[in-house]
Every structure is written in C-alpha cells, then in structure tokens.
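Data block below; observations after.
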Amino acid sequence: MSDVSAALGVRLYPDLVEPGGLAPALVATAAAHQLDVGAVSAPEQGRSRFTCAEMTSPRGVVCVSLGSQARYFMIDLRVDGDVQARGDATDLLQVAQVAAAWRAGITLAELTARYPFMEEMRRHPVAHAG
C-alpha cells in the first residue's frame, strides 16, 4: 500500500489516491469546473501532506482537512488566524465552490446562505474593564 493510500484510507477517499492527495485532487476538481481557487498548498511532511490543503487569497485562507471516520471535508475560512466560518462538505466540488466564492469576494452572510453546510462563527465582543 502506498503512503498516499495509507494516509487517506482508500475506503473513504478512493478518488484522492490517484491524484496524490487532497491538494492535487482539489486543483483538478477546480480546473474541471473552471473555478478559481487560487494556489493550493499542502504541508510538505507527514500524513497531512495528503490529508490537508490550504488556498490563500488576499481575503484569508481556506483550510481543508479530511474526516477520519467518515467521508467529509472540514472547511475553515480564516482571516488573520481567526476562523470566520466553518463547515463540513461531503463533496470535493462543494469545497472548490466555497473556496472560489470566498476568493471572488462573497460575504459571510451570502456564503452561509448559498452553502448551508457552512456556518458563520459568532464573535462575542470582549468586555473592557472601565
């Protein structure tokens, strides 16, 4: 069994094995559907190089990782290190669509309306002692 097969779990992610992991599969999916997700990167070492991907844009970073017990893609939209929205998609195309929409300038409200599996993270202002 190859490194990529062992890392991904062939049973859950057979479609990610041939391209060599999540990041290259995401690039191929975006290209096939003419979606601009920007540059896609993955960690260089260890299991996560097959199971994690990041798409960076001027608006922030879309981080994607794989569920380990069931097939799903965990998506975090991060701006300056803070998670603005997160969700679990069941299809790689949904991941590419979210990343492309975010890159194109969609608001968080529009994003969560269009992709109901995404949830905006609520921020609670910090009370300042006065």
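No value in this document is a laboratory result; all are computed from the given coordinates. In this text, all values refer to a predicted model and were calculated from it rather than measured experimentally. When we count neighbours, we look across all protein chains shown, and the Cβ atoms used for this are built from the backbone with ideal geometry, even at glycine.
List of remarks:
- Filter result (closer than 20 Å to VAL83 by Cα and in contact with a helix residue (DSSP H, G or I) (Cβ under 6 Å, 6 or more places away or on another chain)) within segment 18-50: VAL37, GLY38, VAL40, ALA42, PRO43
- Unmet criterion (only one of (1) surrounded by 15 or more Cβ atoms within 10 Å (Cβ to Cβ); (2) over 14 Å from the mean Cα position of the chain (by Cα); (3) of a type in the set (Lys, Arg)) for ARG114: (1)
- The set of residues in segment 74-101 that are among the hydroxyl-bearing types (Ser, Thr, Tyr) and over 22 Å from LEU16 (Cβ atoms) is empty.
- ASP36, sole failed condition from (1) without any contact (Cβ under 8 Å) to a residue 12 or more places away in the chain; (2) farther than 17 Å from LEU66 by Cα: (1)
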